[in-house]
Amino acid sequence: MEICRSIEECRAAIAALRGDGKRIGFVPTMGALHDGHMSLVKRAQDNAGAVAVSIFVNPTQFGDAADLDQYPRDEDRDLALLDQVGVDVVFLPDVDTMYPPGDETIVETTRLANMLHGKVRPGHFRGVTSVVNRLFNIVQPDTAVFGEKDYQQFVIIKKMVRDLHMPVQILGGPTLREADGLAMSSRNRRLTPEDRAAAVVLNRALDAAEARAGEPGATVEDIRKVIADTIASEPRADLRGLDTVAAETLDDLHGVLKEPLAIMISVQFSDILLIDQRVIQP
Ligand code: PAF
């Protein structure tokens, strides 16, 4: 496994793999890897001859300096995990490498980035697209894999690639869950034991929504109510966001369910915000 910290090292490692006739799959991450990330790596390996992973805690997507400082970092463990599964290249840039001093260029999907989660986290998705664009320019992958758990991010990346004619195929990785149904996330480690136990309510609410959607004549409003009631039944949980939108465009849906519905929820436990999502067919 080639460990690269500079753009030159990364490009040379990728060029060598291409020289061997390999297609490049890419998984961008912010480290603190868990099984969810490893399933994205597996999906990349199944779709390309060689896989590059980046680890970069991207400051431009954090609104809050404290959140950025507290983001878990464990480089040695991450590298050992990636080595074990046969990743070919790991790119570990520092902030000045990704954003050279004087950098002033941003990439933004202007509508999608400023709705839903983007409204409560201003600038977040602009930070994501700005860094993913730079990473794609450095790694130049054939395919890249993003978790569907952050559904809005997944839709935004597909839109950016389409709008900017980037020659990268975007693949989604299904959300991986703990045994009790909690979506895997690096943030789960920061929950207190009580909040960790309570956090199972996100998946329970999505199960209840799916069951309601399966009933004849179910409306989006019915589905929203079931979710809100389920979250409210857990005293430690504070529902911060509930979006029920068209799976492709993220436009709000109302009335009887007639097209694929993406449900995105964000729920606060003490000082930790957890997100989850599900796409439900009519
Ligand atoms: O999903 C993430 O971990 C990040 O948003 C990403 C795509 C690596 C960009 O920093």
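Of Asp76, Asp96, all but one fail to be of a type in the set (Asp, Glu), loosely packed, with under 13 Cβ neighbours inside 10 Å and over 23 Å from His37 (Cβ atoms); the exception is Asp96. The combined condition, being open to solvent by less than 50 Å² (accessible area, probe 1.4 Å), within 16 Å of the ligand (Cβ to nearest atom), closer than 21 Å to Thr143 by Cβ and of a type in the set (A, V, I, L, M), is fulfilled by Ala44.
Every residue, every condition in (1) within 21 Å of the chain's Cα centre (by Cα); (2) hydroxyl-bearing (Ser, Thr, Tyr); (3) surrounded by 21 or more Cβ atoms within 10 Å (Cβ to Cβ); (4) closer than 15 Å to Gly147 by Cα, yes or no:
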site	(1), (2), (3), (4)
Ala15	no, no, no, no
Gly19	no, no, no, no
Pro28	yes, no, yes, yes
His34	yes, no, no, yes
Leu40	yes, no, yes, yes
Leu68	yes, no, no, no
Leu81	yes, no, no, no
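Take the conditions (1) of a type outside the set (Val, Ile, Thr); (2) under 22 Å from the mean Cα position of the chain (by Cα); (3) surrounded by 16 or more Cβ atoms within 10 Å (Cβ to Cβ); Arg189 misses just one of them, which is (3).
Search the range 172-183 for residues being touching a strand residue (DSSP E or B) at 6+ places or on another chain (Cβ under 9 Å) and open to solvent by less than 20 Å² (accessible area, probe 1.4 Å), and hand back the single one that is farthest from the ligand (Cβ to nearest atom). Only one residue tops the list, namely Leu182.
Being touching a residue at least 40 places away in the same chain (Cβ under 8 Å) and open to solvent by 10 Å² or more (accessible area, probe 1.4 Å) holds for only one residue in Leu250, Leu239, Leu273, and it is Leu273.
Among the residues of the range 91-117, those that are part of a helix (DSSP H, G or I) and within 13 Å of the ligand (Cβ to nearest atom) comprise Val95, Met98, Ala113, His117. Does the range 113-120 contain at least one residue that is in contact with a Gly (Cβ under 8 Å, 6 or more places away or on another chain) and open to solvent by 90 Å² or more (accessible area, probe 1.4 Å)? Yes, the range 113-120 contains at least one residue that is in contact with a Gly (Cβ under 8 Å, 6 or more places away or on another chain) and open to solvent by 90 Å² or more (accessible area, probe 1.4 Å). Residues of the range 127-159 that are more than 11 Å from the ligand (Cβ to nearest atom), within 24 Å of Arg11 (Cα to Cα) and open to solvent by 20 Å² or more (accessible area, probe 1.4 Å): Asn137, Gln140, Asp142, Lys158. For the range 47-58, the candidate set comprises residues that are surrounded by fewer than 23 Cβ atoms within 10 Å (Cβ to Cβ) and more than 10 Å from the ligand (Cβ to nearest atom); within that set, the residue that is nearest to the chain's Cα centre (by Cα) is Asn47. Can you confirm whether Pro282 is at pLDDT below 95 and either open to solvent by 60 Å² or more (accessible area, probe 1.4 Å) or not in a strand (DSSP E or B) (or both)? So Pro282 fits the description; yes. Contact map, the range 78-107: first residue within 22 Å of Ala13 (Cα to Cα), second residue of a type in the set (Lys, Arg), Cβ cut-off under 6 Å, separation 6 or more or different chains; pairs are Leu92/Arg5; Met98/Arg134.
If only one of Ala205, Ala247 is over 18 Å from the mean Cα position of the chain (by Cα) and hydrophobic (A, V, I, L, M, F, W, C), which one is it?
Working: Ala247 fails: over 18 Å from the mean Cα position of the chain (by Cα).
Unique residue meeting the criteria: Ala205.
The values are calculated or read from the model by the stated rules, or taken from the named source; none is laboratory data. All values derive from a computational prediction rather than experimental measurement. Don't worry about glycine lacking a Cβ; one is built from the backbone with ideal geometry, like all the others, and counts go over all protein chains shown. Quick note on the areas: whole protein, heavy atoms, side chains included, nothing else; ligands and nucleic acids left out. Shrake-Rupley method; radii C 1.70, N 1.55, O 1.52, S 1.80 Å.
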